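Worksheet for the structure shown next.
The values are calculated or read from the model by the stated rules, or taken from the named source; none is laboratory data. As the structure is a prediction and not an experimental result, all values here were calculated from the model. For neighbour counting, all protein chains shown are included, and Cβ atoms are generated from backbone atoms with ideal geometry for every residue, glycine included.
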Ligand SMILES: Cc1ncc(COP(=O)(O)O)c(C=O)c1O
């Protein structure tokens, strides 16, 4: 008999982000929804300044929960500092929530085209992922409510959703919360909240304040451009905060991430520039792809789907673009093999994409 991992892992589909290098030349990587403009210069400067000082401190563990970072997040978000928990990317919190609330065989609801990490986290925890069908490419509150059973422990809702770029408005999120039993935890994953300009949108902080079964997850990996450092945060009702803080890995947020994160939050100029860049390019690049005869789909985030005639056409477009050093994300793992997902990049990258689509023949 050989050693075997726990039975739940037999069904695990490993999450594999598409960060491969394109075939030749400098790859234009638009496959991972990273921030277009890099990191805030203030965050980079803070890292540089800490470099020397930190050199002498590398043998020290970081703060278990970095007080300055939490204070900066509270000032930025208006959230209650006592219930803000930083993490090693928001992915860490997705895993911890599944681990904390799924006993073996318990159910957690995910949406049809929802973020794949949810399913992975539920499986690892020993739970069962129950899929609520989307309405087109948007999460359906009706379908989520219809999927609830006595075994449901969690609902994972990315809002806006990755990879579809669609969102639910405040009214729909509130309707969901109103109809979900209080013993079910509703996870509002607002990784792309910073980009959303729709007046009907809420990332959910006020909903966390008002409901003891609602949590909000945020990240520094997108608009703030700190993906490499792995920094996220969650906002929780007190009892969920206590549970997640108790099972979070000790020192899971490293000192460099904490310093850079706090500095990034204080850089209003970079924040506005990143937002303006996205606001400017989203309609512009979509118009240019449409003009070339292809079909970009609406998005409220910093990425969008492009729908092709069929799976083969999408694969061919992916290969054509990769040969030009432009890497988009294939959507087969999400059940959308006729689509590719593209993030907004720099001005030069968007010009290159625009030119490539003009030359694309399928
Ligand atoms: C919906 C969603 N949630 C969470 C994450 C993970 O973010 P982090 O880098 O903070 O782990 C992503 C990253 O792509 C995402 O798309």
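On the stretch given as the stretch 181-196, residues that are assigned to a loop (DSSP other than H, G, I, E, B) and out of contact with any helix residue (DSSP H, G or I) (no Cβ under 7 Å at 6 or more places or on another chain) total 7.
Considering each residue of the stretch 97-118, count those that are within 16 Å of the ligand (Cβ to nearest atom), part of a helix (DSSP H, G or I) and more than 13 Å from residue 189 (Cβ to Cβ), and give that number. Spell out the reasoning first.
Let us first name the residues in the stretch 97-118 that are within 16 Å of the ligand (Cβ to nearest atom), namely 97-99, 108-118.
Remaining after also requiring part of a helix (DSSP H, G or I): 97-99, 116-118.
Now narrow it down to the ones that are more than 13 Å from residue 189 (Cβ to Cβ): 99.
Number of matching residues: 1.
Restricting the search to helices (runs of 4 or more DSSP H) fully inside the stretch 232-334 and requiring at least 2 residues that are under 20 Å from residue 31 (Cβ atoms) and not assigned by TED's automatic domain parsing to the domain that holds residue 164 gives 268-291, 311-323. Among the residues of this structure, residue 85 counts as one that is within 16 Å of the ligand (Cβ to nearest atom), assigned to a strand (DSSP E or B) and surrounded by 20 or more Cβ atoms within 10 Å (Cβ to Cβ).
How many of the residues making up the stretch 43-65 are more than 16 Å from the ligand (Cβ to nearest atom) and under 16 Å from residue 231 (Cα atoms)? Summing the residues that are more than 16 Å from the ligand (Cβ to nearest atom) and under 16 Å from residue 231 (Cα atoms) in the stretch 43-65 gives 7.
The number of residues in the stretch 196-220 being more than 16 Å from the ligand (Cβ to nearest atom) and touching a residue at least 60 places away in the same chain (Cβ under 8 Å) comes to 5.
Scanning the stretch 226-268 for residues being touching a strand residue (DSSP E or B) at 6+ places or on another chain (Cβ under 9 Å), away from the ligand (no atom under 12 Å from the Cβ) and closer than 17 Å to residue 216 by Cβ gives a total of 8.
Within the stretch 135-147, identify whether any single residue is in a loop (DSSP other than H, G, I, E, B) and within 16 Å of the ligand (Cβ to nearest atom), and answer yes or no. Yes - at least one qualifying residue is present in the stretch 135-147. Residue-level check: of (1) under 20 Å from residue 148 (Cα atoms); (2) within 12 Å of the ligand (Cβ to nearest atom); (3) not in a strand (DSSP E or B), residue 223 misses just (1).
Which of the residues belonging to the stretch 319-337 are touching a strand residue (DSSP E or B) at 6+ places or on another chain (Cβ under 6 Å) and crowded, with 19+ Cβ neighbours inside 10 Å? Quick ask: steps written out before the conclusion?
Step one: of the stretch 319-337, the residues touching a strand residue (DSSP E or B) at 6+ places or on another chain (Cβ under 6 Å) are 325-329, 331.
Correct list: 326, 327, 328, 329, 331.
Check whether at least one residue in the stretch 197-210 is buried (at least 23 other Cβ atoms within 10 Å of the Cβ) and part of a helix (DSSP H, G or I), and report yes or no. Yes, that holds for at least one residue.
When each of 141, 117 is tested for being surrounded by 18 or more Cβ atoms within 10 Å (Cβ to Cβ), more than 16 Å from residue 236 (Cβ to Cβ) and within 18 Å of the chain's Cα centre (by Cα), the lone residue that passes is 117.
Rundown of residues vs (1) within 16 Å of the ligand (Cβ to nearest atom); (2) within 22 Å of residue 297 (Cβ to Cβ); (3) in the same structural domain as residue 32 (by TED's automatic domain parsing), yes/no style:
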{"residue": "153", "(1), (2), (3)": "no, no, no"}
{"residue": "161", "(1), (2), (3)": "yes, yes, no"}
{"residue": "168", "(1), (2), (3)": "yes, yes, no"}
{"residue": "172", "(1), (2), (3)": "no, yes, no"}
